[in-house]
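Each remark here refers to the structure printed beneath this line.
Any read-out appearing in this document is the output of simple, stated calculations on the displayed coordinates, not a laboratory observation. As the structure is a prediction and not an experimental result, all values here were calculated from the model. Methodologically, a virtual Cβ is constructed for each residue, glycine included, from the backbone with ideal geometry; neighbour enumeration extends over all protein chains shown.
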Amino acid sequence: MKKGLITLVLAVVAAIAVSPVCFLLAGMLMDNQELTECLAPVFSDGEGFVRWHIIPRYPTLQNLVELLLDAPEFFQMFWNSVKITVCILGGQLVFGMTAAWGLARYQFRGKKVVYMLFIVLMMMPFQVTMLSEYLVLDSLRLMDTLSAVILPGIFSTFPVFIMYRFFCSIPKSIIEAARIDGAGEFRIFLSMGLPLGSAGILSSLVLSFLECWNMIERPMLFLKSKELWPLSLFLPQIKAGRAGFAFCASLMAVLPAIFVFLSGQDYLEQGIASAAAKE
Amino acid sequence: MRKRERTGFWFVLPCLAGVMVFYLIPFADVIRRSFQKASGGGFAGMYNYVQVFGNRAFKLAAGNTLCFVAVCLPLLLLLSLTLALLLQHTAASKLFRSAYLMPLAVPAASMVLLWQLLFDNHGILNGILGQNVDWMNTDASFGVLVFSYIWKNLGYDVILWLAGLTAIPGNIYEAARVDGAGSAKCFWYITLPNIRPAAFTIVVLSLLNSFKVFREAYLVAGGYPQEKIYLLQHLFNNWFQELSVDKMAAGSVLLALAAAGFVLLLQKSWDREEEM
């Protein structure tokens, strides 16, 4: 009885959490006539309220096909999103991973200061750094290029922190053993640090991916030309009359994120949890 | 030994250089500018700061932001802790966790359309409630924002709580049960005191995440939304559009100080954890 009640409560909250995605899915499968009918109260100022069918009356992929075959601007922005995300993630792997390794496994003068600095930066809301980012991007003449969004993203210190926490948990004895066997420091990093810290690396990649794919503030402020915009800026611009198109585009933007989320959920959870409790 | 010390530094250097170029050095410039006149660049003393504090929009935005945090944070923490505790009593924990984390993966931009349909005057929510509330254009917009924030961050906080809860050694509970303590007593005397250090981290992280709610607010309602949800983030955005560098500089420094204060508190709690 008590167990049943608990499950019920959990299930209700779960349903609320997932419902928006189901809603998008239903919207994608509706034909235009059904959409117009359902949405009339909002978009054509009719009477009554929006009604929604969880299961479309006549499921169709018509709108999706239209989006995929007949919307070059969608592909442009999708491609922009991919470029931004891949570049930032790649950069974080090169710069963030080495920094995390250096902070986790070595002692050097000023290390504590650097670590504190990274933590403070990681916690700063974007609004704190937005003027300074603008100043440096402007002086480097990078405004209105994809680099304006990518470069500051690469040097975000949040991934460093996540990987640092995982690198710290590698037992010292393993590293010492490799050292005694005569492995060079960089070799140790590549052949011991990377495989043993892979959970942390994946955690930070999953978290960064979700962050980059959802990026709004930076592109909004630093990219003027529409053809450079990522998907996340494009979606809200779709006009109300094209509801079917908007549904498909929204869903296509969600899908990669959901895919990464589902396949990396364990790593995502570990990454989030690494802040709350010591490994 | 000295050589190895240098190796560590070399590992950190590339990243540190990037952080210097893109964040630190320009921020030093921002601090300098916050004491300068907007035109001409002469020394302005505290003038910009006084301007910011006297600004009506700033007072409105700061008040709203504080109010938002004061409402959201307790709500989110309580809800997520309850869920985390309940999750410990179910076999399908993983499935539920997936569901709660899902909103984290959904880009704010994809939700814009849904939020419009849900919260419109003739929207779905009014249809369900049988009422006629204009959610986005009255003070009810505040409720919409609170809901968005909780919807988005619930899973994140549940995972944080779960991490804290599983870190409590199970044998304490067993010992208490042998002594005849019920689940209420166990919660009050074991769970609550032991979860305190984790709780602090969770509070700070949730607080800093609350700044991202701007995305939803901005995408749904634009740069000048209903007055009750005009947040500091909107204000900064509008200053940026107007290129009010002087006000932005002073504002950034103030915001940075506030955030740094919270971070230092967080760091203290981590240090204490390490000592334990």
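Here the simple spin-label model places points 7 Å from the Cα toward Cβ, and for A:Arg109 and A:Ala183 these points are separated by 3.0 nm. Sparse packing (at most 12 other Cβ atoms within 10 Å of the Cβ) combined with a DSSP loop state is found for the following GluC sites (Glu not before Pro) in the stretch A:1-99: A:Glu47. Applying 1/(1 + (r/R0)^6) with r as the Cβ-Cβ distance of B:Thr166 and A:Asn32 and R0 = 56 angstrom yields a FRET efficiency of 0.65.
Note on the stretch A:2-60: with charges restricted to the Cβ of Lys and Arg (+1) and Asp and Glu (-1), its dipole about the Cα centre is near 560 debye.
B:Leu154 sits among other residues whose Cβ lies under 15 Å from its own Cβ, and their net charge, with Lys and Arg +1 and Asp and Glu -1, is 0. Relative to the dominant Cα principal axis of chain A, helix A:32-43 is inclined by about 90°.
Just tell me, in residue order, which DSSP H segments of chain B are both 27 angstrom or longer along the helix axis (alpha-carbon based) and at least -1.0 in mean Kyte-Doolittle hydropathy. Before the final figure, lay out each step's value.
Numbers: long enough: B:56-87 (46 Å, 1.92); B:141-166 (37 Å, 1.12); B:245-275 (44 Å, 0.46).
Those that clear 27 Å and a mean of -1.0 are B:56-87, B:141-166, B:245-275.
For B:Gln36, the residues 5 or more places off, or on other chains, whose built amide H falls under 5 Å of its own are B:Ala44. Just to confirm the number: angle between the C-alpha axis of helix A:198-213 and the first principal axis of chain A, 0 to 90 degrees, nearest 10? Rounded to the nearest ten degrees, it is 40. Under the convention that each Lys and Arg Cβ holds +1 and each Asp and Glu Cβ holds -1, the size of the dipole of chain A around its Cα centre is about 1120 debye. Among A:Gly153, A:Pro230, A:Val120, which residue has its Cα furthest toward the positive end of the charge dipole of the stretch A:70-273, with +1 on Lys/Arg Cβ and -1 on Asp/Glu Cβ? It is A:Val120, whose Cα lies furthest towards the positive end.
Of the trypsin sites (Lys or Arg not before Pro) in the stretch B:6-93, which ones lie in a loop per DSSP and count no more than 11 other C-beta atoms within 10 Å? Please list the in-between numbers first.
Details: sites: B:Arg6, B:Arg32, B:Arg33, B:Lys37, B:Arg56, B:Lys59; in loops: B:Lys37.
Hits after loop and neighbour filter: nothing returned.
Modelled spin-label separation between A:Ala11 and B:Leu192, with each label point placed 7 Å from Cα along the Cα-to-Cβ direction: 3.2 nm. Each label point was placed 7 Å from the Cα along the Cα-to-Cβ direction; for A:Cys168 and A:Met143 their separation is 4.0 nm.
Running a GNM on chain A with Cα contacts under 10 Å, which residue among A:Ala99, A:Ala11, A:Ala71 ends up with the highest mean-square fluctuation? Looking only at A:Ala99, A:Ala11, A:Ala71, the largest GNM fluctuation is found for A:Ala11.
List the trypsin sites (Lys or Arg not before Pro) within the stretch A:5-92 that DSSP assigns to loop and that have no more than 15 neighbouring Cβ atoms inside 10 Å.
Numbers: sites: A:Arg51, A:Arg57, A:Lys83; in loops: A:Arg51, A:Arg57.
Qualifying residues, ordered by number: A:Arg51, A:Arg57.
Candidate cross-link partners of B:Lys185 among the aspartates and glutamates, defined by an alpha-carbon separation under 16 Å and a same-chain spacing of 8 or more, comprise B:Glu174.
Cross-link reach is defined here as a Cα-Cα straight distance under 25 Å, omitting same-chain residues fewer than 8 places apart; for B:Lys59 the lysines meeting it are B:Lys37, B:Lys212, B:Lys228, B:Lys247. Cβ crowding within 10 Å ranks B:Arg272, B:Arg215 as B:Arg272, B:Arg215, fewest other Cβ atoms first. Of the residues A:Trp101, B:Trp151, the one with the fewest other Cβ atoms within 10 Å heads the list, and the complete ranking is B:Trp151, A:Trp101.
Taking 0.36 nm per residue of sequence separation and subtracting the Cα-Cα distance, how much length would be gained by fully extending the chain between A:Phe259 and A:Val86, in nm to one decimal? If you can, show how the numbers build up before the last one.
Working: separation 173, 0.36 × 173 = 62.28 nm, distance 1.55 nm.
Roughly 60.7 nm would be gained on extension.
Need the C-alpha centroid separation for the stretch B:8-75 versus the stretch A:149-193, integer Å. Taking the Cα centre of the stretch A:149-193 as reference, the centre of the stretch B:8-75 is 32 Å away. Of the residues A:Ile16, A:Ala26, A:Pro41, the one whose Cα sits farthest toward the positive end of the charge dipole of the stretch A:2-60, with +1 on the Cβ of Lys and Arg and -1 on the Cβ of Asp and Glu, is A:Ile16. The B:Arg32 and A:Leu61 beta-carbon pair, evaluated with R₀ = 41 Å, returns a calculated FRET efficiency of approximately 0.10. For chain A, lysine pairs with C-alpha atoms less than 30 angstrom apart, excluding pairs fewer than eight positions apart on the same chain, total 10.
If I build a Gaussian network model for chain B, linking alpha-carbon pairs within less than 10 angstrom, which residue out of B:His122, B:His89, B:His234 has the largest mean-square fluctuation? Ranking B:His122, B:His89, B:His234 by mean-square fluctuation puts B:His89 first. Placing +1 on each Lys and Arg Cβ and -1 on each Asp and Glu Cβ, with no other charges, gives the protein assembly as shown a dipole about its Cα centre of roughly 1680 debye. Using a Gaussian network model of chain B in which every pair of alpha carbons under 10 angstrom is joined by a spring, one finds that among B:Phe27, B:Phe142, B:Phe214 the greatest mean-square fluctuation is at B:Phe27.
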